[in-house]
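Q: Can you keep this structure in mind? I'll have questions shortly.
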Amino acid sequence: MAPMGIRLSPLGVAVFCLLGLGVIYHLYAGVISSRINSFRQQKNVDLRDLLALSIEAAVEGGREVKRIREDNDLEERSKGKTKEGASEKLTLGDLSSHRKMYYLFKNTYSFLQVNSEEHEEVERDLAVWSRDIPNDVQQKVRASREVAADRITVWIDPLDATQEYTENLRKYVTTMVCVAVDGEPVIGVIHKPFTGYTAWALVGDGANVLPRSEYSINAPKVIVSRSHAGKVKGFIEDAFGNNTVIIPAGGAGYKVLALLDPPDEEYEEADIYVHVTFIKKWDICAGNAILKALGGHMTTLKGQEIDYSGSERNDGGLLASVKVDHKALVDRLSSIEKDKH
């Protein structure tokens, strides 16, 4: 309808209507855009909440790992070969733990990026985070610290040391969760399903595990993977001498805890953790966060920081330590590499 007292031709009426629709469209678009921006701004996550969720996810995944092992119903099969030529195992324990851990995160924070070692489709789990904050977390992490969700990447390892799991070498088995912010590890959780022990850390706020009082790098105990201990023996002895003690072990989570002082008598004490081939980020991110929170380091063999965004691969090997001169370790290993070339 035209304004009062004004006659419009049919063409004028059409133009008037189009102008009116344009105004309505822009008003509507402005409201929608405002609401979308508001929704995006609300997608912040409290790191203390994420730590509590990470602990719960690791424990719940661990229950699945333990239950299936004790039922002796592994349904073991091979995913293929590792770079070292060993069979890469997959069990029902891996998949059931993945289902529980992955969906605890996705049902609680659907918008978070969650990377898991297992990619197979599994039936959706309806579990959501209980919203419980463990007492030790409340004591050590006093303040909230919110981070934009699009800066966060979650890495979960539903069953670390699957080969050892199939061999019933239970002490090596862990479930792990790591939260990275802008590619840097910030939250680390390593849970041992068969003892119930859980180590955790939030960088900048604290941890429930400590380093040991003494370490040696002159005649160190170096922990390495069971799958290729023989292949790295010469490399490590060239760097640290023939008196170096090499400890073969399963599971990256176990190896990091061996550098620390966890209340678990099953651990062999190590001074340094070395891995010379590529390794996946869900294997190492949680341990990296815990070491970082304690003033330690986990880098490539060349001393480069590991970026926990993007690709799942870390191709530069691994060197982990705490309470020692990490750069001196890097220099020793680098000198061996230069001599060989």
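The values are calculated or read from the model by the stated rules, or taken from the named source; none is laboratory data. Note that the structure is predicted; figures quoted are calculated from it, not measured. Every residue, glycine as well, gets a Cβ built from its backbone with ideal geometry; the counts of neighbours run over all protein chains shown. Note: areas computed on protein heavy atoms with side chains; ligands, DNA, RNA excluded. Shrake-Rupley method; radii C 1.70, N 1.55, O 1.52, S 1.80 Å.
Q: Has the range 67-82 got at least one residue that is crowded, with 20+ Cβ neighbours inside 10 Å and either touching a Ser or Thr at 6+ places or on another chain (Cβ under 8 Å) or not acidic (Asp, Glu) (or both)?
A: So far as the range 67-82 goes, yes, one or more of its residues are crowded, with 20+ Cβ neighbours inside 10 Å and either touching a Ser or Thr at 6+ places or on another chain (Cβ under 8 Å) or not acidic (Asp, Glu) (or both).
Q: Checking residue 95 against (1) in contact (Cβ under 8 Å) with a residue 24 or more places away in the chain; (2) closer than 30 Å to residue 277 by Cα; (3) touching a strand residue (DSSP E or B) at 6+ places or on another chain (Cβ under 6 Å); (4) not acidic (Asp, Glu): exactly one of these is not met. Which one?
A: Looking at each condition in turn, residue 95 falls short on (3).
Q: What is the number of the single condition among (1) open to solvent by 30 Å² or more (accessible area, probe 1.4 Å); (2) at pLDDT 95 or above that residue 286 does not meet?
A: Going through the list (1) open to solvent by 30 Å² or more (accessible area, probe 1.4 Å); (2) at pLDDT 95 or above, residue 286 breaks only (1).
Q: Right, here's the next one. Would you call residue 174 under 20 Å from the mean Cα position of the chain (by Cα) and under 24 Å from residue 277 (Cβ atoms)?
A: Judged against the criteria, residue 174 is a match.
Q: Within the range 99-127, take every residue that is of a type outside the set (D, E, K, R) and more than 24 Å from residue 150 (Cβ to Cβ) and give me the one that is surrounded by the fewest Cβ atoms within 10 Å (Cβ to Cβ).
A: Selected residue: 126.
Q: Out of all the residues in the range 187-205, which are under 20 Å from residue 46 (Cα atoms) and open to solvent by 10 Å² or more (accessible area, probe 1.4 Å)?
A: Matches in the range 187-205: 203, 204, 205.
Q: Against the definition (of a type in the set (Asp, Glu) and either open to solvent by less than 30 Å² (accessible area, probe 1.4 Å) or without any contact (Cβ under 8 Å) to a residue 40 or more places away in the chain (or both)), how does residue 325 come out, yes or no?
A: Against the criterion (of a type in the set (Asp, Glu) and either open to solvent by less than 30 Å² (accessible area, probe 1.4 Å) or without any contact (Cβ under 8 Å) to a residue 40 or more places away in the chain (or both)), residue 325 does not qualify.
Q: If we keep just the residues of the range 128-142 that are open to solvent by 60 Å² or more (accessible area, probe 1.4 Å) and over 21 Å from residue 117 (Cα atoms), which is modelled with the lowest pLDDT?
A: Selected residue: 142.
Q: A further question follows. Considering only the range 274-295, I want to know if a residue exists there that is part of a loop (DSSP other than H, G, I, E, B) and more than 29 Å from residue 89 (Cα to Cα).
A: Yes, because at least one residue in the range 274-295 is part of a loop (DSSP other than H, G, I, E, B) and more than 29 Å from residue 89 (Cα to Cα).
Q: Which residues, taken from the range 149-167, are touching a residue at least 60 places away in the same chain (Cβ under 8 Å), of a type outside the set (Val, Ile, Thr) and either out of contact with any strand residue (DSSP E or B) (no Cβ under 6 Å at 6 or more places or on another chain) or open to solvent by less than 20 Å² (accessible area, probe 1.4 Å) (or both)?
A: 149, 150, 155, 157, 158, 159, 160, 161, 164, 165
Q: Could we say that residue 161 is in contact with a helix residue (DSSP H, G or I) (Cβ under 7 Å, 6 or more places away or on another chain) and modelled with pLDDT of 95 or more here?
A: In short, yes.
Q: So in the range 173-186, with the set limited to residues that are under 17 Å from residue 280 (Cα atoms) and among the β-branched types (Val, Ile, Thr), which one is surrounded by the fewest Cβ atoms within 10 Å (Cβ to Cβ)?
A: Taking the candidates together, the pick is 173.
Q: Looking at the range 263-282, can you tell me whether even one residue there is without any contact (Cβ under 8 Å) to a residue 40 or more places away in the chain and exposed (fewer than 15 other Cβ atoms within 10 Å of the Cβ)?
A: Within the range 263-282, one or more residues are without any contact (Cβ under 8 Å) to a residue 40 or more places away in the chain and exposed (fewer than 15 other Cβ atoms within 10 Å of the Cβ).
Q: Which one is farthest from residue 272 (Cα to Cα), of the residues in the range 212-226 that are in a strand (DSSP E or B) and open to solvent by less than 30 Å² (accessible area, probe 1.4 Å)?
A: 225
Q: Follow-up. Of all residues being of a type in the set (Ser, Thr, Tyr) and without any contact (Cβ under 8 Å) to a residue 60 or more places away in the chain in the range 289-322, which is most open to solvent (accessible area, probe 1.4 Å)? Just the residue, please.
A: Top of the filtered list is 311.
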